[in-house]
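Input: a single structure, listed below in structure tokens.
The values are calculated or read from the model by the stated rules, or taken from the named source; none is laboratory data. Everything numeric here is computed off the predicted structure, so don't read it as measured data. All Cβ positions, even for glycine, are placed from backbone atoms using ideal geometry, and neighbour counts span all protein chains on display.
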Amino acid sequence: MSEPVIRTERLRKVYVTGLLRKRYVALDGLDLEVHRGEVFGFIGHNGAGKTTAIKILMGLNFATSGRAFLLGRPHDDPEVKARVGFLPERPYFYEYLTAAEFLDFYGRLFKLPAPLRRRRIDELLRAVDLEGARDTQLRRFSKGMLQRVGVAQALINDPDLVVLDEPMSGLDPMGRSLIRDVIAGLKAAGKTVFFSTHILSDVEAICDRVAMLARGRLIESGRVEDLLAPRTRYVEVQADRLEGAALERAGALATAVEHRAARTLVRVADGSAAQALLRLLLEAGVTVHEVAPRRETLEELFVAEARAAAAGGRTGRAA
Ligand SMILES: Nc1ncnc2c1ncn2[C@@H]1O[C@H](COP(=O)(O)OP(=O)(O)OP(=O)(O)O)[C@@H](O)[C@H]1O
Ligand SMILES: [Mg+2]
């Protein structure tokens, strides 16, 4: 496979704050690999460390340790910058510029020639449905319109890698669908898109792969269809009360055994262990009352991690 478009190695960020020089680990050894042509979702609760990681990638913040590479080069290589587009979490807008002037300003930063800038501006305003607001000053834009012109800005240089920190934030369902279409168009053109979000349905709709960050650590990553499919945590089998040899053999397969009045509850790790257990129970002539897989969705995992973060303090782990 070709060189990853984004690669981080044990990226760590410790913020030191206040007079007491309190230390917080916002990123705790992040390893990421994003490949060419992928749409990659970066998810995690508020304060998980997504923006910190993105800012380090974009050279707007420094890692305490670890390394990052973009497009096969060290991430701070100036040549990389020209091929990357970026939408910050809280973009700054020069509000007296019109939408077209704003995009033109960014086009100049990339030293694009005037005819190319004009063409890109037309294309991008069309893509984010702001043709009608072309000559409107940004101070008259709604939040959703600003977000969309921000996305257009990230694409002015026709980048190979697009990094978007919460591109769907503040958008209504129409706006979200439009940004999803823009991202799909980028993928179709062979670009790589890396974006952070809390909106799992958007991840489901457009991402190839996803990484979930919780309290500065990667807790899940993989293909969306694998991660969004509910996973079996364990299987619970309820049978007549087990005794003697049957109990012993079931116990050998189980992760937990519990007796409840006239029944026994046997918990096994997965489907194949459940099959083996059922076979031995039926052979022993034991009546089985219920077989129940207990599943967990990515959404549940997300909520559980967000709760754990809230309980433990949102500012990451104490160093
Ligand atoms: N400049 C800073 N100084 C000290 N702590 C910071 C700084 N920036 C971020 N943090 C802390 O680091 C942690 C991670 O913040 P970050 O902004 O990376 O989270 P996030 O995943 O982007 O969250 P959100 O979903 O709310 O945007 C938070 O606990 C935050 O308070
Ligand atoms: Mg953020």
Pairs, first closer than 13 Å to L161 by Cα in the range 73-85, second modelled with pLDDT under 95 and among the aromatic types (F, W, Y), C-beta under 7 Å, six or more apart: A82/F110
Of all residues in the range 32-71 being within 16 Å of ligand 2 (Cβ to nearest atom) and in a loop (DSSP other than H, G, I, E, B), the one that is surrounded by the most Cβ atoms within 10 Å (Cβ to Cβ): A48
Tabulated pairs, the range 147-165, first closer than 25 Å to G44 by Cβ, second among the small types (G, A, S) and within 16 Å of ligand 1 (Cβ to nearest atom), C-beta under 7 angstrom, 6+ apart or interchain: Q147/S169; Q147/G170; D165/S196
Test: residue in the range 47-56 that is more than 24 Å from P167 (Cβ to Cβ), touching a Leu at 6+ places or on another chain (Cβ under 9 Å) and not polar (S, T, N, Q): no
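Residue by residue, here is whether (1) modelled with pLDDT of 95 or more; (2) hydrophobic (A, V, I, L, M, F, W, C) holds:
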{"residue": "D122", "(1), (2)": "yes, no"}
{"residue": "L130", "(1), (2)": "yes, yes"}
{"residue": "S142", "(1), (2)": "no, no"}
{"residue": "A154", "(1), (2)": "yes, yes"}
{"residue": "L161", "(1), (2)": "yes, yes"}
{"residue": "D165", "(1), (2)": "yes, no"}
{"residue": "M168", "(1), (2)": "no, yes"}
{"residue": "L171", "(1), (2)": "no, yes"}
{"residue": "L178", "(1), (2)": "no, yes"}
Close pairs (6 angstrom Cβ cut-off, 6 or more residues apart or separate chains): within 22 Å of V224 (Cβ to Cβ) and assigned by TED's automatic domain parsing to the domain that holds G190 in the range 36-65, assigned to a loop (DSSP other than H, G, I, E, B) and away from ligand 2 (no atom under 14 Å from the Cβ) anywhere: R36/S2; R36/V5; G37/G190; E38/D208; V39/C207; V39/D208; G41/C207; L57/H75
So R119, is it away from ligand 2 (no atom under 16 Å from the Cβ), basic (K, R) and in the same structural domain as V182 (by TED's automatic domain parsing): no
Checklist (1) free of Cβ contacts under 8 Å to residues at least 24 places away in the same chain; (2) more than 16 Å from ligand 1 (Cβ to nearest atom) applied to V182, failing item: (1)
Check on E95, touching a strand residue (DSSP E or B) at 6+ places or on another chain (Cβ under 7 Å) and either in a loop (DSSP other than H, G, I, E, B) or under 30 Å from R134 (Cβ atoms) (or both): yes
